[in-house]
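Nothing in this text is a laboratory measurement; each read-out follows from the coordinates by a stated rule. Note that the coordinates shown come from a computational prediction; the quantities given were computed from them, not determined experimentally. Cβ atoms come from the backbone with ideal geometry, glycine included; neighbour counts cover every protein chain shown.
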Amino acid sequence: MDYQKILNDIYNEVIQLENNGSIAEYIPELAKVDASKFGISLIDNQQNIYNVGNATENFSIQSITKVFTTALIFSEIGNDLWKRVNFEPSGNAFNSLVQLEYENGIPRNPFINAGALVIADLMLEHFEDPKTYFLDFVRTLANSKSINYNLEVVNSEKETGFRNAALVNYIKSYGNIKNNPEDVLDFYYHQCALAMSCEELAKSFQVFSNNGINPYNNERLLTSSQCKRMNALMQMCGFYDQAGEFTFKVGLPGKSGVGGGVAAVFPNNYTVAVWSPKLNKKGNSVYGLETLERLTTITEASIF
Ligand code: GLU
């Protein structure tokens with residue numbers, strides 16, 4: 001498969017499409033990003049890299065980090081994770097509060113904000129210095145020492161994150177947050193403010209296409225059963241309340257973030273990451289979805 005030609009063709013076609021999306025302005029620092037950025041990186045199962053556009057430029061990967069925190073905690077505590085957070089699609093917006101009351105403070109899944117806050121709480125419970133530990137963890141997955149938190153984004157989220165503060169306090173009222181809500185939010189905002197490129201993201205997702213083994217150091221992070229579950233979660237919950245449409249049109253497990261990034265996995269075949277900051281109303285990158293739909297259509301291959 002000539003992935004470089006396929007990506008070049010998709011890039012040249014998609015960049016000409018009208019994009020009616022808008023940048024995530026509710027986090028002021030994200031609103032400063034150049035909306036015309038567009039990059040794609042695909043890495044095959046031999047770790048060959050195919051890039052096009054702004055594929056090596058850093059951006060705020062936001063909720064894509066929820067995949068990393070979940071994988072890390074899953075590898076640490078195994079199935080005990082499911083006592084704190086469920087594994088069902090939410091069908092609601094990423095920052096919704098409504099389900100929590102009906103479901104007694106157990107978030108629907110780890111990829112909506114409520115679930116990610118519970119995972120952040122678990123990070124604080126299990127690691128003495130969770131910010132450093134998490135950063136090292138992602139650097140190892142991505143095989144890149146230069147990845148870092150963007151502190152301007154951290155502060156911007158802190159100043160405007162009233163909904164996340166509501167979520168963490170509400171979940172604590174049910175006893176499903178053990179630490180101080182301020183400390184949980186501090187970790188969560190650092191996590192979301194991780195800056196990475198498409199290439200680094202595609203590298204860091206290789207572990208999920210490689211049965212739970214990080215191909216860059218040959219270490220096993222997840223059992224193959226746990227890796228299957230991570231991919232199932234991405235398939236069911238990776239695109240908020242558009243997860244069904246993503247499955248329908250693309251047919252790969254993946255995760256989006258409000259920084260305009262999308263990362264996806266074709267187990268035993270490739271990982272792919274796209275960045276284009278303009279989002280649709282569900283909070284997913286317009287060009288990101290378009291690119292991946294074209295990729296699985298042109299290659300005539302997906303997990304289905
Ligand atoms: N930091 C963002 C928030 O908490 C993450 C949202 C996202 O990427 O889905 O609202």
> Using θ = phi - 60° and the Karplus curve 6.51 cos²θ - 1.76 cosθ + 1.60, what whole-Hz ³J(HN,Hα) does each residue of the range 204-218 get, with Gly and Pro shown as x?
Replying inline: 5, 8, 4, 4, 7, 9, 10, 6, x, 9, 6, x, 7, 9, 6
> In nm, to one decimal, how far is the modelled label at D9 from the one at K249, with both set 7 Å along Cα→Cβ?
Replying inline: 2.0
>> For the chain, what does the helix formula give at 222 nm: sum of -39500 (n - 2.57) over DSSP H segments with n ≥ 4, over the residue count, nearest 500 deg cm²/dmol?
In response: -13500 deg cm²/dmol
> Can you give the translational diffusion coefficient of the range 149-253 in µm²/s, computed by Stokes-Einstein from the Kirkwood radius over Cα pairs at 4 °C and 1.567 mPa s?
Replying inline: 80
> Roughly speaking, what is the stretch gain from S144 to N79, that is 0.36 nm per residue apart minus the C-alpha to C-alpha distance, in nm to one decimal?
Replying inline: 20.4 nm
>> Can you tell me which of T69, T247, T132 moves the most in a GNM of the chain? Springs connect C-alpha atoms under 10 Å apart.
In response: T132
> Mind listing the phi-derived Karplus ³J(HN,Hα) values for the range 31-36, rounded to whole Hz, using 6.51, -1.76 and 1.60 with θ = phi - 60°, and x for any glycine or proline?
Replying inline: 5, 7, 6, 5, 5, 8
> Where the convex hull is taken over the Cα atoms of the range 37-93, what is its projected area averaged over directions, in nm²?
Replying inline: 6.4
> Tell me, what ³J(HN,Hα) does each residue in the range 170-177 have, in order and in whole Hz, if you take phi through Karplus 6.51 cos²θ - 1.76 cosθ + 1.60 with θ = phi - 60° and put x for Gly and Pro?
Replying inline: 5, 5, 5, 5, 9, x, 9, 10
>> Step by step: find N for the chain, compute 2.2 N^0.38 Å, then divide the Cα radius of gyration by it. What's the final number?
In response: 0.91
> Across the Cα atoms of the range 221-263, what radius of gyration and what greatest pairwise Cα-Cα distance (Dmax) are found, in Å?
Replying inline: 10.9, 30
> Using 1/(1 + (r/R0)^6) with R0 = 30 angstrom and r between the beta carbons of E128 and N92, what's the FRET efficiency to the nearest 0.05?
Replying inline: 0.30
>> Can you give the local net charge around F87? Use residues other than it whose beta-carbon is closer than 14 angstrom to its beta-carbon, Lys and Arg +1, Asp and Glu -1.
In response: +3
